[in-house]
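Working notes for the structure below.
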Amino acid sequence: MTVAIIGAGPAGLALAHILNGNIPHYDPDLFGPHPDPQLHELLINCPNLLCAATESKILEYVKLNVQSFFSSDCSPVSLLFDTLRIPCETNIQNQSTMESRVSWKASPENKVPYTLIGGKDGAGGQWSNMDSDSEDSRVLSYAEMLSLPGWAFSHFYRERYNCAVPDFLRPTRKVVAEYYKLYADKMGIPVTNKLVGNITKSPNGFAVLTTAGDLICEATDVVLASGISCAQTDSMQTKKLAPSGSVVVVGSGVSAADAVICAKPDKVLHIYKWTSPQGEPTPLRRYPKKLYPEYAAIFEEMKSRTGPTYTGIPNGQIIKIDENKVLIQKQDGDVLEAQAKEVIIRTGRAGSLAYAQDVLPKKTELVGKMSLRDLGYPLPKIADNVWAIGSLTGDSLVRYILGMSCAVAWNLMD
């Protein structure tokens with residue numbers, strides 16, 4: 001067996017670490033049993049967490065009894081590993097209260113050969129690509145929620161800055177990208193930096209080809225881990241118009257809020273919707289002032305439609321961009337003409353699966369707000385010997401990626 005992992009972001013790196021023969025186990029001796037006694041009893045009888053990741057009785061219990069503040073639609077296997085790593089997310093006082101019940105054991109006999117293909121960005125995936133986000137903007141997750149197995153973010157931080165991670169640190173994208181880049185080296189995970197153009201079926205399983213048609217590798221199994229930020233779409237773009245004027249931001253989520261924050265103290269015109277086309281309210285409503293003061297402040301400005309340098313335009317739309325002028329139709333039909341230096345559109349990321357069309361059971365070129373799970377694919381196996389992990393499956397935060405990676409690893413090692 002050989003495995004081709006397409007994408008070297010956190011999900012691909014975590015899977016590679018497991019395939020190197022590192023097996024997670026439920027370990028109540030670390031900090032005592034999990035606070036949920038029923039979950040503890042279930043896991044005591046199935047301590048190998050690769051096995052637990054596919055155990056229907058455990059996953060059904062998690063589905064009915066475990067919830068997360070950060071996501072309302074996580075898969076049970078993602079929630080299982082999340083609650084084992086952060087058992088009491090509503091009562092996190094500092095780093096010491098994030099008491100993981102997961103220990104890792106080396107198991108060389110379970111190694112599975114793989115090729116991890118990182119595209120042009122290499123280790124870190126979208127975290128290494130700063131095209132559409134400021135590298136100095138702070139990420140949504142707190143530091144330890146970004147950790148990968150074997151070498152936690154706290155270990156990287158101490159080596160890099162010679163001090164412990166401050167409580168409730170939300171690091172910058174630049175620092176997180178550096179961590180994932182170094183993680184691959186630290187854990188002995190080789191990354192092939194080639195851009196995948198196509199995957200075709202071959203006598204040995206699959207052939208993974210570059211955009212020029214050259215062979216990267218052959219594999220018996222393919223794991224899609226390319227994420228939802230690699231496609232260039234109209235929903236994530238920045239247009240520079242003039243040296244001066246307002247900054248027009250379009251979007252209702254965290255990326256749009258980050259753009260508003262980065263644009264200040266310039267005057268900002270913010271176009272947003274209270275609900276998505278799928279009927280989901282803006283995610284900014286979820287973030288409490290104590291934990292996310294900057295997002296709570298933007299949400300308050302959205303509600304009041306005004307701030308020191310902020311003007312909110314709910315349910316508006318851009319109808320024309322002409323040199324440095326932007327015409328915006330407001331909800332009541334009136335048209336606002338604004339002098340603008342920049343238009344920043346942040347209405348949703350998307351990932352391209354154009355390279356995988358020959359191995360997918362149905363045509364699916366873009367994956368974004370509608371994940372593979374939303375599109376009706378069974379997970380993590382989406383076709384014979386074809387698997388999917390990471391944000392393609394709806395696990396949009398790093399803290400959730402381990403579960404699906406473990407489920408895939410169990411099937412590959414079985």
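The values are calculated or read from the model by the stated rules, or taken from the named source; none is laboratory data. Every value quoted in this text rests on a predicted model; they were computed, and no experiment measured them. Here the Cβ is made from the backbone with ideal geometry for all residues, glycine too, and neighbour counts use every protein chain on show.
Please go through the stretch 330-357 and pick out each residue that is of a type in the set (Val, Ile, Thr) and either surrounded by 18 or more Cβ atoms within 10 Å (Cβ to Cβ) or part of a loop (DSSP other than H, G, I, E, B) (or both). Listed by number, the residues that qualify are VAL343, ILE344, ILE345, THR347.
Taken together, the criteria exclude SER352 from residues that are in contact with a helix residue (DSSP H, G or I) (Cβ under 7 Å, 6 or more places away or on another chain), under 20 Å from ILE401 (Cα atoms) and at pLDDT below 85.
Exactly one residue out of LEU327, LEU269 is in a strand (DSSP E or B), under 18 Å from ILE344 (Cα atoms) and in contact with a Ser or Thr (Cβ under 7 Å, 6 or more places away or on another chain), and it is LEU269.
For every residue, the table says whether it meets (1) among the acidic types (Asp, Glu); (2) surrounded by fewer than 21 Cβ atoms within 10 Å (Cβ to Cβ); (3) outside the structural domain of VAL359 (by TED's automatic domain parsing).
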residue	(1), (2), (3)
GLY150	no, yes, no
PHE153	no, no, no
MET187	no, yes, no
SER202	no, yes, no
ASP221	yes, no, no
ILE228	no, no, no
SER244	no, yes, yes
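Residues that are at pLDDT 95 or above and polar (S, T, N, Q) within the stretch 46-55 comprise just one, ASN48. Of the listed requirements (1) modelled with pLDDT of 90 or more; (2) at positive phi; (3) under 23 Å from the mean Cα position of the chain (by Cα), LYS381 misses just one: (2). Among the residues of the stretch 28-45, those identified as of a type in the set (D, E, K, R) and closer than 16 Å to ILE58 by Cα are ASP36, GLU41.
Only one of the listed residues (GLU301, GLU342, GLU294) is at pLDDT 95 or above and acidic (Asp, Glu). That residue is GLU301. Enumerate the pairs (first residue in the stretch 234-253 and at pLDDT below 95; second residue anywhere and among the basic types (Lys, Arg) and buried (at least 21 other Cβ atoms within 10 Å of the Cβ)) with beta-carbon separation below 8 Å, excluding pairs fewer than 6 apart on the same chain, so at least 6 apart or on different chains. Pairs found: SER235/ARG346; SER235/ARG349; MET236/ARG346; MET236/ARG349; GLY251/ARG346; GLY253/ARG346. Across the stretch 357-379, the number of residues qualifying as in contact with a Leu (Cβ under 6 Å, 6 or more places away or on another chain), of a type in the set (A, V, I, L, M, F, W, C) and farther than 20 Å from GLY253 by Cα comes to 1.
Among all residues of the stretch 279-289, there is at least one that is within 30 Å of THR311 (Cβ to Cβ) and part of a strand (DSSP E or B).
Per the listing LEU30, LEU64, the residue uniquely farther than 22 Å from LEU372 by Cβ, over 21 Å from the mean Cα position of the chain (by Cα) and either part of a loop (DSSP other than H, G, I, E, B) or at pLDDT 95 or above (or both) is LEU30. ALA407 meets the conditions (1) surrounded by fewer than 24 Cβ atoms within 10 Å (Cβ to Cβ); (2) in a helix (DSSP H, G or I); (3) hydrophobic (A, V, I, L, M, F, W, C) in every case but one. The failed one is (1).
Candidates TYR400, TYR377: the one that is within 20 Å of GLY7 (Cβ to Cβ), of a type in the set (Phe, Trp, Tyr) and assigned to a loop (DSSP other than H, G, I, E, B) is TYR377.
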